2 protein chains.
Amino acid sequence: MKKTKKYSIPKGFLFATAEAAIKRPGRKDLALIYSEQESVVAGMFTTNKVKAAPVRLDMKRAKSGHGRAIVVNSGNANACTGKQGMKDALEMAALTAGALKVKPSGVYVCSTGVIGTPLPMERIRPKIAELAHALGKAAIEDAAEAIMTTDTFPKIVSKRIKIDGATVTFTGICKGAGMICPNMATMLCFILTDARIEKAALHTALKGAVQKSFNRITIDGDMSTNDSVLVMASGMAGNEPITRKSRSLAAFTSALASLTYELSAMIVRDGEGASKFVEVEVRNARSDRDAEKGAFAIANSMLVKTALCGNDANWGRLMAALGHSGVAMKEEKTDIVLNGVKVASKGIATGKDMEANERLKSRDIKIIIDLHLGKGTAKVLTCDLTGEYVKINAAYRT
Amino acid sequence: MKKTKKYSIPKGFLFATAEAAIKRPGRKDLALIYSEQESVVAGMFTTNKVKAAPVRLDMKRAKSGHGRAIVVNSGNANACTGKQGMKDALEMAALTAGALKVKPSGVYVCSTGVIGTPLPMERIRPKIAELAHALGKAAIEDAAEAIMTTDTFPKIVSKRIKIDGATVTFTGICKGAGMICPNMATMLCFILTDARIEKAALHTALKGAVQKSFNRITIDGDMSTNDSVLVMASGMAGNEPITRKSRSLAAFTSALASLTYELSAMIVRDGEGASKFVEVEVRNARSDRDAEKGAFAIANSMLVKTALCGNDANWGRLMAALGHSGVAMKEEKTDIVLNGVKVASKGIATGKDMEANERLKSRDIKIIIDLHLGKGTAKVLTCDLTGEYVKINAAYRT
């Protein structure tokens, strides 16, 4: 088995990658994740009404709470592909199951890339057996790279915790880049752990983790047809089984949440064309819901995002975005702090824009909005909007 | 009186402009519109919770239904300026009223430009008397130019209709460019007519006209703190007074609506950095409301806007935006037509993307989405998202 040097890998998982020329020739575009024993599986998926065929397939399969493998292609989303799309997703799963000698219902399929073009099955088909034969020859880094589309770096996080004296390992990989918005995005994330955990507990933990991570990031306000987070738990760590009533569920969930948070932050750092990493925090809103809505309104405002790109402490745009967001707010109570500089106090300028402009030259930007109305808070991660974003997305298919 | 050669001007109005160095030196940034007789006035204003001081002032004054003058400055929005902002707006109105020898309550004040910086009253104050003295020395073109911010051309439309045998003239000017979204935007619009019309009828006509014009355009999904549309009717055309029960109200409203539609289309054509003029039409939605929501979701999607910038018939992004918009839709029923080329039929590709790419090279783009679900329709105007938009907005204040 090809070993990774940098990451801890949970027991019981093997990886393989291949090139099927779905992306540009010479780039890996197929990945296989294999669980040596049957894993407990939980998944969360896009809420877009237009769902890619593999998403619809996996949603059904995840209900069983079990699985053996995930086969992924990048370069083509197999979305808006009608009946042929579902036929292709089923065939990918069946071929993989055949090659691995497992039940087809235990194979999950994920696709990411261009929408509306059928999968090039003639190029994928012959590669599936190759993938199965190559199991163990790829490291987690190879798999993370094979699922990339416009990502500029592979995204991998691993964690170790102790549960009942047993060492439990988590490794997550994901891809993101564009079309990232609330409730996930052209975002695929695969999390592997060797924890022993029951399916209901795994589902609960995943839901909690995603809520405060992947559901709190936005690149451009768009939401993809393919977003999927799958977690597989092989149960080989030797801990006592975690149930929804276990004390250890809290520790498990917390580790999972910190892993998904780190992965989601990596997605934002790698936002298409991004030159800034931005955290928007809304404090003392009437409710958490209001705080989240306000934070997203700011994070998705093109005018805010372009101002940040230009190191411009143009806080009036933040006020305008808030005022337009529909949240309860009073202009005359609102404070705005940009990288530690209070630029607006009780709704009016403090005269510190120049100082804030200087501070905004840093790559990391922290925006704090205090509404002074209640106790609701929320943090959202985003990036700036650059000429490079336009360039990437105007040319994506050409 | 300085005459315009190109536009018909309704009876009873005079214009003046001045330079107060609020914008770059050498550019007109003050405009005065004066009604020789008391006009009937109606107004519509931003629904942003953060409203500029002059907007709050005009909203109150418009309730009277009457007025004599509009004084406008560009370069500074007088928004997020606290109590000082309202003091300044009131002073601008009072100085103007004094110079014109009319009641202060008959003077409307509008501001557009940067948010959060107090008005440079020391530069505006001495120019007000100059403005009043100069009345009649400016043509409508000068006024249209003085209210511009990042606009690249002045926006003027005039129309003539017959009502009861009398010739009624309309002239409208507006400014737009960025921060343009549903329910108006950094958008100021002044419409003058010599029709005799009662205030309730004028308000009804304006509301109907704005609904299908300024409320159906979007540049970047943001909504300004300063949007205002004011209409003044001098009553000098000699028609029978138009009331809410008059037959002639329909003709009046229709002329007003066609004028506001043309002005709103000009704003979109002049969208910041825009290289395309885009009409998005959603047909056969479950309701008009759904159609509007779907059309706006497409018009505001950064991924759609960048694809259009790149002449890319990437209809999958339209499907994803629709699916994410919350409107009732069935992927397998949805047709998409781009500049006359059906690229998706019943949710799947027709294989005509190349042909559509060619057609998208035109400056004008017409997108038709047929949901085949009901009878709701809506049209929304927008533009593409270009590197130039980012450049303009990253550098707006610097």
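Observations on the model:
Listed here are the residues, each with its yes/no results for (1) assigned to a loop (DSSP other than H, G, I, E, B); (2) modelled with pLDDT of 95 or more; (3) more than 29 Å from residue A:211 (Cα to Cα).
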{"site": "A:28", "(1), (2), (3)": "yes, no, yes"}
{"site": "A:39", "(1), (2), (3)": "no, yes, no"}
{"site": "A:58", "(1), (2), (3)": "no, yes, no"}
{"site": "A:72", "(1), (2), (3)": "no, yes, no"}
{"site": "A:91", "(1), (2), (3)": "no, yes, yes"}
{"site": "A:117", "(1), (2), (3)": "yes, no, yes"}
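Okay, residues lined up against (1) out of contact with any strand residue (DSSP E or B) (no Cβ under 8 Å at 6 or more places or on another chain); (2) closer than 28 Å to residue B:6 by Cβ; (3) acidic (Asp, Glu); (4) surrounded by 22 or more Cβ atoms within 10 Å (Cβ to Cβ):
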{"site": "B:80", "(1), (2), (3), (4)": "no, no, no, yes"}
{"site": "B:92", "(1), (2), (3), (4)": "no, no, no, yes"}
{"site": "B:96", "(1), (2), (3), (4)": "no, yes, no, yes"}
{"site": "B:102", "(1), (2), (3), (4)": "no, no, no, no"}
{"site": "B:112", "(1), (2), (3), (4)": "no, yes, no, yes"}
{"site": "B:135", "(1), (2), (3), (4)": "no, yes, no, no"}
{"site": "B:145", "(1), (2), (3), (4)": "no, yes, yes, yes"}
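- Scanning region A:56-75 for residues that are surrounded by 21 or more Cβ atoms within 10 Å (Cβ to Cβ) and over 18 Å from residue A:95 (Cα atoms) yields A:62, A:75.
- The set of residues in region B:185-206 being modelled with pLDDT of 95 or more and more than 17 Å from residue B:157 (Cβ to Cβ) consists of B:196, B:197, B:198, B:199, B:200, B:201, B:202, B:203, B:204.
- Taken together, the criteria place residue B:176 among residues that are touching a residue at least 60 places away in the same chain (Cβ under 8 Å) and closer than 22 Å to residue B:216 by Cβ.
- When region A:43-52 is limited to residues that are out of contact with any His (no Cβ under 6 Å at 6 or more places or on another chain) and touching a residue at least 40 places away in the same chain (Cβ under 8 Å), the one that is farthest from the other protein chains (Cβ to nearest Cβ) turns out to be A:43.
- Tallying residues that are in contact with a Ser or Thr (Cβ under 9 Å, 6 or more places away or on another chain) and either within 23 Å of residue A:303 (Cα to Cα) or polar (S, T, N, Q) (or both) within region B:212-257 yields 20.
- Any hit, region B:211-231, residues being in the same structural domain as residue B:109 (by TED's automatic domain parsing), in contact with a Gly (Cβ under 9 Å, 6 or more places away or on another chain), modelled with pLDDT of 95 or more and part of a helix (DSSP H, G or I): no
- In the set (1) out of contact with any helix residue (DSSP H, G or I) (no Cβ under 6 Å at 6 or more places or on another chain); (2) closer than 20 Å to residue B:138 by Cα, the condition left unmet by residue B:56 is number (2).
- Residues satisfying the stated conditions in region A:89-126, i.e. within 14 Å of chain B (Cβ to nearest Cβ) and more than 23 Å from residue A:145 (Cα to Cα): A:116
- Residue selected from region B:372-388 under the condition more than 12 Å from residue B:283 (Cβ to Cβ) and within 14 Å of chain A (Cβ to nearest Cβ), by the criterion surrounded by the fewest Cβ atoms within 10 Å (Cβ to Cβ): B:388
- Complete set of residues in region A:265-295 that are at pLDDT below 90, on the phi < 0 side of the Ramachandran plot and buried (at least 20 other Cβ atoms within 10 Å of the Cβ): A:267, A:268, A:270, A:271, A:272, A:274
- Scanning region A:53-77 for residues that are in contact (Cβ under 8 Å) with a residue 60 or more places away in the chain and not charged (D, E, K, R) turns up A:54, A:55, A:62, A:65, A:66, A:67, A:70, A:71, A:72, A:74, A:75, A:77.
- Check on residue A:85, outside any loop (DSSP other than H, G, I, E, B), farther than 27 Å from residue A:242 by Cβ, touching a residue at least 40 places away in the same chain (Cβ under 8 Å) and within 12 Å of chain B (Cβ to nearest Cβ): no
- In this structure, residue A:144 does not qualify as touching a Leu at 6+ places or on another chain (Cβ under 7 Å), at pLDDT 95 or above and away from chain B (no Cβ under 14 Å).
The values are calculated or read from the model by the stated rules, or taken from the named source; none is laboratory data. What you see is a predicted model; the values in this text were computed from it and never measured. All Cβ positions, even for glycine, are placed from backbone atoms using ideal geometry, and neighbour counts span all protein chains on display.
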